[in-house]
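The values are calculated or read from the model by the stated rules, or taken from the named source; none is laboratory data. Computed from a predicted model, the values in this text were never measured in an experiment. With ideal geometry, Cβ positions are generated from the backbone for all residues, glycine too; neighbour counts draw on all protein chains shown.
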Amino acid sequence: MEDPSATEVEINGVRLHYVEQGSGEPMVFVHGVPIDLRAWEPVRENIARKYRFIAYNQRYCGTGPWFDRGENFSVATHADDLAEFIKLLNAGPVHLVGWSYGGQVATTAAVKNPSLIRSLILCEAGVMSVLPKGSAEGKAAREDFAKMTAPAVAAAKAGKSIQATKLLFEALFQMPPGEFHSLPQDWQTLGLDNARTLPLLFASPPPPPITCEMLKDFTRPTLVMWGESTQKFYALSNDAISRCVPGARKVVLRNVNHDAPLRDPAGFSAAVLDFLSKGSGC
């Protein structure tokens, strides 16, 4: 059944699909890769009770046709799309929520366009550049990320996008090899529908660097979250973000790893709403 809240908007020459529900201050949700806006369905109802929930498909994500061969896939492109999307909403500054790759896109857009942001909420943002390469933390995080993604990268480069997606999900969610099939069916569908994005992701240019010095100049209320059982890369990089942004609040989500919005949508939503209820950007 078609979602009555779904619509499309033209951004930077492409059409992006989005859904919205509720009223009040707008809250824009940015998904990771290889998934799409359906990743936010488990939290939609909770958020829409108090805010205008808005989730969109980033360029190349979802099941719709591409407008090119994928050559423009990059954090920079997605961040520019996000900024234009917020402007077209014509709703004033937004509460911006980003998860994983979407957290990197959200952070990039927020730092570049702070006037569009009411508050920034990150869940396991993949911002590696916040950790200096020469630091012990930076080295440990990069080694962990390379080890975690290596099998999926190799499969994607070999043209095996479906296998790459299964391997990446198993790595991110800390599952035994070959256990992708044990995930809930809607999670599997979400990943496999977006498998074609992985070769683009792994071949994309380096993202614009986000450094601690840059984040020290970001003054919007910020919440940084990560799962207590997540990989070293996400824990180290997000802890660094929370220390760099002035006054940032950090929350370690219990009994989850990188899968928090899907595994525990109630806990994720509660952390977001609690942050906002205490005057952070409201």
### Summary
Restricting region 50-109 to residues that are touching a strand residue (DSSP E or B) at 6+ places or on another chain (Cβ under 6 Å) and of a type in the set (S, T, Y), the one surrounded by the fewest Cβ atoms within 10 Å (Cβ to Cβ) turns out to be Y51
#### Entry: Subset of region 118-132 [surrounded by fewer than 24 Cβ atoms within 10 Å (Cβ to Cβ) and more than 15 Å from M214 (Cα to Cα)]
R118, S119
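For every residue, the table says whether it meets (1) part of a helix (DSSP H, G or I); (2) in contact (Cβ under 8 Å) with a residue 60 or more places away in the chain; (3) in contact with a Leu (Cβ under 7 Å, 6 or more places away or on another chain); (4) of a type outside the set (G, A, S).
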| position | (1), (2), (3), (4) |
| --- | --- |
| S229 | no, no, no, no |
| R243 | yes, no, no, yes |
| G247 | no, no, no, no |
| V256 | no, no, no, yes |
| L276 | yes, yes, no, yes |
### Task
Could you pull out the residue among L192, L200 that is without any contact (Cβ under 8 Å) to a residue 60 or more places away in the chain, closer than 28 Å to T63 by Cβ and hydrophobic (A, V, I, L, M, F, W, C)?
L192
### Query
Which one of the conditions (1) in contact with a Ser or Thr (Cβ under 6 Å, 6 or more places away or on another chain); (2) charged (D, E, K, R); (3) at negative phi does E124 fail to meet, given that it meets all the rest?
(3)
### Residue count, region 231-282 (criterion: within 21 Å of F53 (Cβ to Cβ), among the β-branched types (V, I, T) and surrounded by fewer than 22 Cβ atoms within 10 Å (Cβ to Cβ))
1
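In the set L198, L223, which member is buried (at least 20 other Cβ atoms within 10 Å of the Cβ), assigned to a helix (DSSP H, G or I) and either under 17 Å from the mean Cα position of the chain (by Cα) or at pLDDT 95 or above (or both)?
One residue alone meets the criteria, L198.
Quick one: is A140 under 26 Å from D81 (Cα atoms) and out of contact with any Gly (no Cβ under 9 Å at 6 or more places or on another chain)?
Values: under 26 Å from D81 (Cα atoms): no; out of contact with any Gly (no Cβ under 9 Å at 6 or more places or on another chain): yes.
Taking the combined requirement at face value, the residue does not satisfy it.
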### Task
Determine the pairs where a residue that is touching a residue at least 40 places away in the same chain (Cβ under 8 Å), located within region 130-159, has a partner that is aromatic (F, W, Y) with Cβ atoms under 6 Å apart, the partner being 6 or more residues away or on another chain.
A141/F233; D144/F233; F145/F233; V153/F202; A156/F202
### Query
Out of all the residues in region 90-132, which are aliphatic (A, V, I, L, M), assigned to a strand (DSSP E or B) and closer than 25 Å to E228 by Cβ?
L96, V97, L120, I121, L122
### Message
Scan region 41-50 and tell me whether some residue there is among the small types (G, A, S), part of a helix (DSSP H, G or I) and either in contact (Cβ under 8 Å) with a residue 12 or more places away in the chain or farther than 23 Å from P114 by Cα (or both).
### Response
yes
### Query
Given (1) under 23 Å from Y60 (Cβ atoms); (2) surrounded by fewer than 19 Cβ atoms within 10 Å (Cβ to Cβ), where does F29 come up short, assuming only one miss?
(2)
